[in-house]
Each structure stands twice: as structure tokens, then as C-alpha cells.
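What follows is one structure encoded as C-alpha cells, with my remarks underneath.
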Amino acid sequence: MKYAIVESGGKQYKAVEGGRIEVDLLPIEPGKKIDLNTVLLLADGDKIKVGTPTVAGANVGAKVVEHFKGEKLTVFKYKPKKRIRVKTGHRQKYTLLQIEKITE
């Protein structure tokens, strides 16, 4: 199985050929292709390449499938004996990427 560890938006994701990953919102329209150049690790069966900090010449090609919002999180702040109660919510925006190819 061929996979790579890539970085997008300061977070690391495991990208498998033919798989999908959810990353933070990217300013690219659905249907367009994107190259993820910050590859931290490449694995192909028993061969493993670890970058210092990135693998030179490695590239992960992906296609933007859609943009969507994650589940709603409820944030509740409470201070006892002070009558302070604040309830808010948050929905993170994500981009779904289809991994097409991993090249070295």
C-alpha cells in the first residue's frame, strides 16, 4: 500500500492513493486539481522515506471534491455565583480532497 504523510494548514494527514481526506477550507473551487508539496513521509510497501523536514521531489496530486461544514460544537462558559452564562456554537469549514497520485 502506497501512502504519504502530508501537511496542509499546519496539520498532518495520511494520504492514501484513491482515498479521501478532509482538510481545513482551501480557496479552490470544486473540480480543480491541487498539488500538496509538503510531503513529510513516503511509504511504498517496505520502502519508507522520511523527510528532513520534507521529502525532496515528492508530490501528492489531489482533486477538490466539495466544501462542507463539520458538526456543530456547543461552547458553554459558566462562572458560578456570578450569574454569567454564555452559550455559543461553532461549525468548522472543511474541503474534501480525493487523492489521485503520489509521486516521488
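The values are calculated or read from the model by the stated rules, or taken from the named source; none is laboratory data. It should be emphasised that the depicted structure is a prediction, and the values quoted were computed from it without experimental measurement. Positions of Cβ are backbone-derived with ideal geometry, glycine not excepted, and every protein chain shown enters the neighbour counts.
Among strands (runs of 3 or more DSSP E) lying entirely in segment 1-90, which contain 3 or more residues that are among the β-branched types (Val, Ile, Thr)? I'd like the intermediate steps shown before the answer.
Details: elements: 2-8, 11-16, 20-24, 33-36, 39-44, 47-50, 59-69, 73-79, 84-90.
Counting at least 3 such residues, we get 59-69, 84-90.
Here are 31, 70: which of them is within 16 Å of the chain's Cα centre (by Cα) and small (Gly, Ala, Ser)? Give the derivation first.
Details: 31 fails: within 16 Å of the chain's Cα centre (by Cα).
When all the criteria are applied, what remains is 70.
Condition test on residue 75, is it over 24 Å from residue 3 (Cα atoms) and without any contact (Cβ under 8 Å) to a residue 12 or more places away in the chain? Steps first, please.
On the way: over 24 Å from residue 3 (Cα atoms): yes; without any contact (Cβ under 8 Å) to a residue 12 or more places away in the chain: no.
So residue 75 fails the test.
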* **Qualifying positions in segment 70-104 - surrounded by fewer than 12 Cβ atoms within 10 Å (Cβ to Cβ) and among the hydroxyl-bearing types (Ser, Thr, Tyr)** => 74, 78, 88
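Looking for whichever is in contact with a Leu (Cβ under 9 Å, 6 or more places away or on another chain) and acidic (Asp, Glu) here; the options are 66, 29, 17, 71. Which one fits? Give the derivation first.
Working: 29 fails: in contact with a Leu (Cβ under 9 Å, 6 or more places away or on another chain); 17 fails: in contact with a Leu (Cβ under 9 Å, 6 or more places away or on another chain); 71 fails: in contact with a Leu (Cβ under 9 Å, 6 or more places away or on another chain).
66 is the lone residue from the list that is in contact with a Leu (Cβ under 9 Å, 6 or more places away or on another chain) and acidic (Asp, Glu).
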* Asked: Just checking, which of 81, 63, 77 is on the phi > 0 side of the Ramachandran plot and modelled with pLDDT of 95 or more?
  -> 81
* Is there a residue being in contact (Cβ under 8 Å) with a residue 40 or more places away in the chain and under 13 Å from residue 99 (Cα atoms) anywhere in segment 46-58? -> no
* Structure fact -> Of those in segment 48-69 that are of a type outside the set (Val, Ile, Thr) and more than 16 Å from residue 36 (Cβ to Cβ), the residue surrounded by the most Cβ atoms within 10 Å (Cβ to Cβ) is 67
* Determine, yes or no, whether residue 37 is polar (S, T, N, Q), surrounded by 10 or more Cβ atoms within 10 Å (Cβ to Cβ) and in contact (Cβ under 8 Å) with a residue 40 or more places away in the chain. => no
